Amino acid sequence: MTLALTGLIVLGVFLALSKTRAPAAAAEAPVLLLVVGAGVSFLYRASGLPGAPAEWVAAASEAGLAALVFACAAQVRASRFARRCPASFRLTVGGAPLFLVLCALSAFVLLPELSLPSALLVGAILALNGAAFDRRAVTGAPAPAAVKAAVRNESAASIAFGAPVAVLIAGYATAPGAGQIPLEPLLEASLGALGGFALGGAAGLLAARLLERVNGAGGERSAVVAGFAAFFAAALFGANAVIAAGAAGLVWSEETAASGPARLRLRRRVERFVPPAAYLLFGFTLAPRVFEADLLSLLFAVAAVTALRVGPRLAMLQSAPLPKESQVFLAWFGGAPGAASALFAMSLLDDALILDHEAALTVVALAVVAGVIAARASSRPLANAFLRETAAAKKRRLFAS
């Protein structure tokens, strides 16, 4: 009931903010939102006021994550994904799992406070990317439209398909309660995921097959109705609401006649509100933990948003029919932990049964902050470098011909 009530409150806030221009401006300043959130947190704690209830913060984060997963899933048509965007497909099915494994192994080796299940959870959370980079720098970069679309499609697919994986790994990283068998939390997470997929799939199918006949083909309103219906049904029946929303988006995307621009418009509307709110709330709740991190955690965070992230992505793109400069652009402009990672971490805030709970959240907080800062600091110089490399490549091809 807490999740359903929180979802209604979040919906009301979104509808109120949709009448203003504040979300669009805030979406362009993720670092500022983190700083403001952290500053408010320090002032709030210094005042001696009671802390924000972890249960409500977790429920609000889960609602925001469900909205983001739904919007990303609605953009992806799984049956045509590999054929329409092979570079994004390679990064999603190859680069993301490889990053998860390398990240988890690095965390397990470098950070003695993390067990293997909690290290896997850290890797799974950080593999949820798609909202850290300066979108204005990406859209304004002199890259071909197909390369920019690949960045956008890969980020959507990573969130849509990565969220269920993260949910199951969170179940694996949950300590069993008294009288439970060791794998019972994983079984419960699997059953919740299965129930969420069934509810969400049914809602998405009904929206595409029935509601769109009333509202007209390609109706975005039908998709939104399916997403909210799936979320609240899962929250009321004890299924996983995030997976339910994602399943509604995926099935609706497969069955609808909506155009690509309509799907992208739906995602952008959600991303006007969710990432700014996520960064602000993350700054308030988890960002102050960066001051508790040790040197090993800092080294891991820097590696996670640089070498561990870019290396697997470049490896997956080596055989892709793309110029070298486009491969580098795709490798860097994507894959950084962002709003989805922040929301998933905050959704675990009240789950004390997660193994190495506090240590895992601190490591994720440090990596998310490092990823957002690195993305913002490097986006413009890298876009300029891409411009120079593109011009040099054109000259080489001209001389070669």
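What pairs can you find where one residue is in region 222-237 and within 10 Å of PHE70 (Cα to Cα) and in a helix (DSSP H, G or I), the other is open to solvent by less than 50 Å² (accessible area, probe 1.4 Å) and among the aromatic types (Phe, Trp, Tyr), and their Cβ atoms are less than 6 Å apart, with a gap of 6+ or different chains?
ALA223/TRP252; ALA226/TRP252; GLY227/PHE70
Please go through region 201-219 and pick out each residue that is crowded, with 17+ Cβ neighbours inside 10 Å and either over 12 Å from LEU266 (Cβ atoms) or at pLDDT 75 or above (or both). Spell out how you get there, then give the answer.
Filtering region 201-219 for residues crowded, with 17+ Cβ neighbours inside 10 Å gives 201-208, 211-212, 219.
Result: GLY201, ALA202, ALA203, GLY204, LEU205, LEU206, ALA207, ALA208, LEU211, GLU212.
Hey, can you tell me all the residues within region 171-186 that are touching a strand residue (DSSP E or B) at 6+ places or on another chain (Cβ under 7 Å) and at pLDDT 90 or above? Reasoning before the result, please.
Going through region 171-186, the residues touching a strand residue (DSSP E or B) at 6+ places or on another chain (Cβ under 7 Å) turn out to be 173-174, 185.
Matches in region 171-186: ALA173, THR174.
Could you pull out the residue among ALA189, ALA229 that is at pLDDT 90 or above, of a type outside the set (Ser, Thr, Tyr) and over 21 Å from the mean Cα position of the chain (by Cα)? Show your work before the answer.
Values: ALA189 fails: over 21 Å from the mean Cα position of the chain (by Cα).
The match here is ALA229.
Consider PRO142 carefully, then state whether it is farther than 19 Å from ALA320 by Cβ and either touching a Phe, Trp or Tyr at 6+ places or on another chain (Cβ under 6 Å) or modelled with pLDDT of 75 or more (or both). Please lay out each step first, then the result.
Working: farther than 19 Å from ALA320 by Cβ: yes; either touching a Phe, Trp or Tyr at 6+ places or on another chain (Cβ under 6 Å) or modelled with pLDDT of 75 or more (or both): no.
Judged against the criteria, PRO142 is not a match.
Taking region 84-126, which residues are open to solvent by 60 Å² or more (accessible area, probe 1.4 Å), under 28 Å from ASP294 (Cβ atoms) and among the hydrophobic types (A, V, I, L, M, F, W, C)?
LEU98, VAL101, LEU102, LEU105, PHE108, VAL109, LEU110, LEU116, listed by residue number.
I'm trying to understand the selection: among the residues of region 344-358, which are part of a helix (DSSP H, G or I) and open to solvent by 30 Å² or more (accessible area, probe 1.4 Å)? Spell out the reasoning first.
Pass one, region 344-358, residues part of a helix (DSSP H, G or I): 344-347, 357-358.
Passing the criteria: only GLU358.
Tally time: how many residues in region 70-83 are free of Cβ contacts under 8 Å to residues at least 60 places away in the same chain and open to solvent by less than 70 Å² (accessible area, probe 1.4 Å)? Full working, then the answer.
Taking region 70-83 first, the residues free of Cβ contacts under 8 Å to residues at least 60 places away in the same chain are 80, 82-83.
Next, only the ones that are open to solvent by less than 70 Å² (accessible area, probe 1.4 Å) stay: 82.
Qualifying residue count for the region: 1.
Please work out which residue is nearest to ALA58 (Cα to Cα), limiting yourself to region 333-343 and to residues that are assigned to a loop (DSSP other than H, G, I, E, B) and hydrophobic (A, V, I, L, M, F, W, C). Spell out the reasoning first.
Filtering region 333-343 down to residues assigned to a loop (DSSP other than H, G, I, E, B) leaves 333-336, 338.
From the residues that got through so far, the ones that are hydrophobic (A, V, I, L, M, F, W, C) too are 333, 336.
Working: PHE333: 29, ALA336: 22 Å.
Checked region 333-343; the qualifying residue nearest to ALA58 (Cα to Cα) is ALA336.
Pairs, please: C-beta under 9 Å, at least 6 apart or cross-chain, first residue aromatic (Phe, Trp, Tyr) and in region 36-56, second assigned to a loop (DSSP other than H, G, I, E, B)?
Sorted first by the residue in region 36-56, then by its partner, the pairs are TYR44/GLY51; TYR44/ALA52; TRP56/ASP350.
Just need a number here: residues in region 47-61 that are hydrophobic (A, V, I, L, M, F, W, C) and open to solvent by 90 Å² or more (accessible area, probe 1.4 Å). Explain how you work it out, then say what you get.
Looking only at region 47-61, we keep the residues that are hydrophobic (A, V, I, L, M, F, W, C), and these are 49, 52, 54, 56-60.
Now restrict to residues that are open to solvent by 90 Å² or more (accessible area, probe 1.4 Å): 49, 56.
Selection size over region 47-61: 2.
Let's see how each residue does on (1) outside any helix (DSSP H, G or I); (2) under 30 Å from PRO276 (Cβ atoms); (3) more than 18 Å from the chain's Cα centre (by Cα):
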site: VAL69; (1), (2), (3): no, yes, no
site: ALA73; (1), (2), (3): no, yes, no
site: ARG80; (1), (2), (3): no, no, yes
site: GLU113; (1), (2), (3): yes, no, yes
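The values are calculated or read from the model by the stated rules, or taken from the named source; none is laboratory data. The structure presented is a predicted model; accordingly, all values stated were derived computationally and were not measured. As a convention, Cβ positions derive from the backbone with ideal geometry for all residues, glycine included, and neighbour counts pool all protein chains shown. SASA here: full protein model, heavy atoms, side chains in, ligands and nucleic acids out. Shrake-Rupley method; radii C 1.70, N 1.55, O 1.52, S 1.80 Å.
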